[in-house]
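A short worksheet on the structure shown next.
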Amino acid sequence: MTDLLSLPMQELTRWVTQELGEPKYRAKQLYDWLHKKQVRTFGEMSSLPAALRQRLGETAFIAPVESRLKLESQLDGTKKFLFALGDGNCVEAVWMEYHHGPSLCISTQVGCRMGCKFCASTLGGLVRNLTPGELLGEVYEAQRQTGRKISSLVLMGIGEPLDNLQNVLTFLDILCSEEGQHLGYRHISLSTCGLIPGIRELMDKKLGLTLSISLHAPEDGARSAIMPVNRQYPIGELMEVCREYFAVTGRRISYEYALIDGVNDTQEQAAALARLLEGQICHVNLIPVNPVAERETRRSSRAAVERFARRLGELGVNATVRRELGSDISAACGQLRRRAAGVTPYPPPSGA
Ligand code: SAH
């Protein structure tokens, strides 16, 4: 069975003409149903002859992504989705409202093997990669559920996008294609824990997307303690490739820094971070870490977060404390999926 939603136009055309022996324009029609109209069944493809729809049903499939649960913030319109995939695995996506339009944060893997000590997504390890069609399915299903189109996309949900890079690249190719949803690469951000070969590949492709680096500590000792990936790709090498990325693409890098009480939130660490980023045109996103039931990490106090941000500002670093959206439905990344799988219980309602 062919996974149709995962095929870029050229491959779909090859499949339609060579495997089905149909004329080329049928591939265009099919792509339009899949990626513009975004239907979920062959039955809905009314411009295709019934015999062709039946053959499609016998030889191919449209990867299913279905919303199982939707939590909606009463404060700011943020929606958190739990999506079920064809094999019963679940991933999460978050819909956020911004003044420039809605933004969707999607997952790239079921689970994760990066092992960051403060993160819920990696607790059960990596189950599998999402296919390009499933990545598209997250976008299309969120749009179906809300009746609206996204204006930007963030690859910052469950999983490490650069650990599933080929599928992510195919997904972006389809999502940004003129005959599909035609989203601009400038409206896409990809977040990584720092897999250097993947960053290089993105750099060479010059796609114009925004790169976010999950830094979380300014020295190797502290970073390796919370992010095992740092042992393989230490800070010095990471900074080198980040500087190169900016030089080659002209795109400003965004650094993520989750403040963890007593781990990475001292004034000395703020100064070390400023030294590390000296001369880089970049932005630092400070996030008070989200507590995770199975982890011991505690978020820094509000005063410590403010002190850290102020110190960075004084040292000339462009830093902001991330505005928290959907705090009434907050469930740190990866926790919804674990609860749905019965691994951890749901917490009491917020405020309790
Ligand atoms: N694997 C990629 C993208 C997914 S994680 C990455 O590491 O960037 C998305 C972001 O959320 C990363 O910056 C990650 O470090 C951060 N994150 C994970 N758990 C968190 C938590 N409990 N609180 C705050 N940020 C967290």
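Every number here is computed from the coordinates shown, using simple stated rules; none is lab data. Please read these numbers as outputs of a predicted model, since none were measured by experiment. Here the Cβ is made from the backbone with ideal geometry for all residues, glycine too, and neighbour counts use every protein chain on show.
For segment 1-69, the list of chymotrypsin sites (Phe, Trp or Tyr not before Pro) that fall in a loop by DSSP and count at most 15 other C-beta atoms within 10 angstrom is empty.
Taking amide H positions as modeled 1.01 Å from N, with prolines and chain starts lacking one, the residues under 5 Å from residue 258 and 5 or more places away or on another chain are 216, 287.
Specify which residue in the list 29, 247, 262 is farthest towards the positive end of the charge dipole of the chain, using unit charges on the beta carbon of Lys, Arg (+1) and Asp, Glu (-1), about the Cα centre. Result: 29.
What trypsin sites (Lys or Arg not before Pro) in segment 186-285 are in a loop by DSSP, with at most 15 other Cβ atoms within 10 Å of the Cβ?
Numbers: sites: 186, 200, 205, 206, 223, 231, 243, 251, 252, 275; in loops: 206, 251, 252.
Taking segment 186-285 and a limit of 15 other Cβ atoms within 10 Å, the loop trypsin sites (Lys or Arg not before Pro) found are 206, 252.
Remark: relative contact order (the chain) = 15 percent; criterion is Cα-Cα distance under 8 angstrom and separation of 6 or more residues. Remark on the chain: Rg and Dmax equal 21.3, 70 Å (Cα only). Per-residue ellipticity at 222 nm computed for the chain from its helices equals -9500 deg cm²/dmol, with DSSP H segments shorter than 4 residues left out and the rest contributing -39,500 (n - 2.57). Note on the chain: GNM, Cα springs under 10 Å; of 133, 316, 184, the largest mean-square fluctuation is that of 316. Running a GNM on the chain with Cα contacts under 10 Å, which residue among 197, 64, 132 ends up with the highest mean-square fluctuation? Looking only at 197, 64, 132, the biggest GNM fluctuation is shown by 197.
Could you put 182, 99, 216, 35 in order, starting from the residue whose Cβ has the fewest other Cβ atoms within 10 Å? With the fewest neighbours first, 182, 99, 216, 35 line up as 99, 182, 35, 216. Restricting the GluC sites (Glu not before Pro) of segment 259-326 to loop positions (DSSP other than H, G, I, E, B) with no more than 16 neighbouring Cβ atoms within 10 Å leaves 278, 294, 296, 324.
Can you return the lysines within cross-link range of residue 79? Criterion is Cα-Cα under 20 Å, with same-chain partners fewer than 8 residues away left out. Within the straight-line limit of under 20 Å, residue 79 reaches these lysines: 70, 149. Could you tell me what percent of the DSSP beta bridges with both partners in the chain are antiparallel, to the nearest 5? Here the antiparallel bridges make up roughly 45 percent for the chain. For residue 24, the lysines whose Cα falls under 25 Å of its own Cα, not counting residues fewer than eight places away in the same chain, are 36, 37.
For the chain, modelled as a GNM whose springs connect Cα atoms under 10 angstrom apart, the maximal fluctuation among 208, 262, 157 occurs at 262.
Taken about its Cα centre, segment 21-175 carries a charge dipole of roughly 320 debye when the Cβ of each Lys and Arg holds +1 and the Cβ of each Asp and Glu holds -1. Along its first, second and third principal axes, ordered by size, segment 1-67 spans 35, 24, 22 Å in Cα coordinates. The convex hull around the C-alpha trace of segment 64-192, projected and averaged over every direction, spans 7.9 square nanometres. Here the mean projected area of the convex hull built on the C-alpha positions of segment 147-302 is 10.8 nm².
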